[in-house]
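The values are calculated or read from the model by the stated rules, or taken from the named source; none is laboratory data. The shown structure was predicted, so the numbers you read here are calculated from the model rather than taken from an experiment. FYI the Cβ positions are ideal-geometry reconstructions off the backbone, even for glycines, and counts take in every protein chain you see.
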């Protein structure tokens, strides 16, 4: 009789079969590989620092103030995702996390409602969400170099598991998944099931790992929409009147120690407390994020000098 693996056994045998392989230390050539792969595979990619600067520039034009903006995130549990959250917190204070594995907002409507009631009075909210994928020092997408290891390892673990689950199911392999109501592995069961709906495009893709990241974003975005519709679309919204929420969705791209973290913005919408679209800000964010940082800093210094000059000027009324 052909053996039927449990989901946990399948996960450990496939996802962690190639840990600590490849180049272990960063070099100038490996950093170049990472940057080239990131830009080639993910059009519109922005470094984490550039993203935060661009967010501040775009949101400030739309009534957001740093001191009253509430930050919420839905990222995977992986420690490599904390770097982007750290950058976001520098500009928008501590974050409320509604995410689970692969970046799905598994906190659901209850978590969203709690988040909505934590938004400062008279403030707004920035919600950043999406899956993640690593690029290791050899330029391989789907793996990342981690501190204290001799090589790279799987990244994202949940996405890698789901990808190989889809491949296995389509090849006829049987895998026993626990009941979705059992919390022991319910999140991975959900992720696997969600990705099955994108099997054809993933299996035909030139790089299935990269395609999986994009497919997972669509799955996550669909769940986020259901949550927003539930919490904001009814007769009584969980979000207070006058509060806007900026929803930034995309793919987080992780790299090894000593290299920049990245984010690929795929959706950036400003919505009111009823969930109605106020403005699509994606093009503006991408344009702001692609600006030369040195030129931006030079312009800011010039603007600051002009403001100081204006404040020091004395107004004199000249009477005829």
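Condition test on residue 109, is it out of contact with any strand residue (DSSP E or B) (no Cβ under 7 Å at 6 or more places or on another chain), surrounded by fewer than 20 Cβ atoms within 10 Å (Cβ to Cβ) and part of a helix (DSSP H, G or I)?
Numbers: out of contact with any strand residue (DSSP E or B) (no Cβ under 7 Å at 6 or more places or on another chain): yes; surrounded by fewer than 20 Cβ atoms within 10 Å (Cβ to Cβ): yes; part of a helix (DSSP H, G or I): yes.
So residue 109 passes the test.
Residues that are at pLDDT 95 or above and crowded, with 19+ Cβ neighbours inside 10 Å: find the helices (runs of 4 or more DSSP H) completely inside the stretch 157-244 holding 2 or more of those.
Because the criterion is at least 2 residues that are at pLDDT 95 or above and crowded, with 19+ Cβ neighbours inside 10 Å, the helices (runs of 4 or more DSSP H) in the stretch 157-244 that meet it are 157-170, 186-196, 208-232.
Can you tell me which residues in the stretch 145-169 are touching a residue at least 12 places away in the same chain (Cβ under 8 Å), out of contact with any helix residue (DSSP H, G or I) (no Cβ under 6 Å at 6 or more places or on another chain) and more than 14 Å from residue 16 (Cβ to Cβ)?
Residues satisfying the conditions are 145, 147, 150, 167, 168, 169.
Can you find even one residue in the stretch 277-298 that is closer than 17 Å to residue 51 by Cα, at pLDDT 85 or above and part of a strand (DSSP E or B)? Give the steps one after another, and end with the answer.
Of the stretch 277-298, the ones closer than 17 Å to residue 51 by Cα are 280-297.
With the extra rule that they be at pLDDT 85 or above, the set shrinks to 280-291.
Remaining after also requiring part of a strand (DSSP E or B): 280.
The answer is yes, given that some residue of the stretch 277-298 is closer than 17 Å to residue 51 by Cα, at pLDDT 85 or above and part of a strand (DSSP E or B).
Are any of the residues in the stretch 248-262 within 20 Å of residue 60 (Cα to Cα) and modelled with pLDDT of 95 or more?
Yes, the stretch 248-262 contains at least one residue that is within 20 Å of residue 60 (Cα to Cα) and modelled with pLDDT of 95 or more.
Does the stretch 123-156 hold any residues that are surrounded by fewer than 24 Cβ atoms within 10 Å (Cβ to Cβ), at pLDDT below 95 and part of a loop (DSSP other than H, G, I, E, B), and which are they?
Matches in the stretch 123-156: 138, 139, 140, 142, 146, 147, 148, 149, 150, 151.
List every residue pair whose Cβ atoms lie under 6 Å apart, where the two residues are 6 or more positions apart in sequence or sit on different chains, the first residue falls within the stretch 264-289 and is in contact (Cβ under 8 Å) with a residue 40 or more places away in the chain and on the phi > 0 side of the Ramachandran plot, and the second residue, located anywhere, is surrounded by fewer than 15 Cβ atoms within 10 Å (Cβ to Cβ) and not in a helix (DSSP H, G or I).
These pairs meet every condition: 275/233.
Provide a single number: the residues in the stretch 240-278 that are in contact with a helix residue (DSSP H, G or I) (Cβ under 7 Å, 6 or more places away or on another chain) and farther than 21 Å from residue 104 by Cβ.
Total satisfying the criteria: 5.
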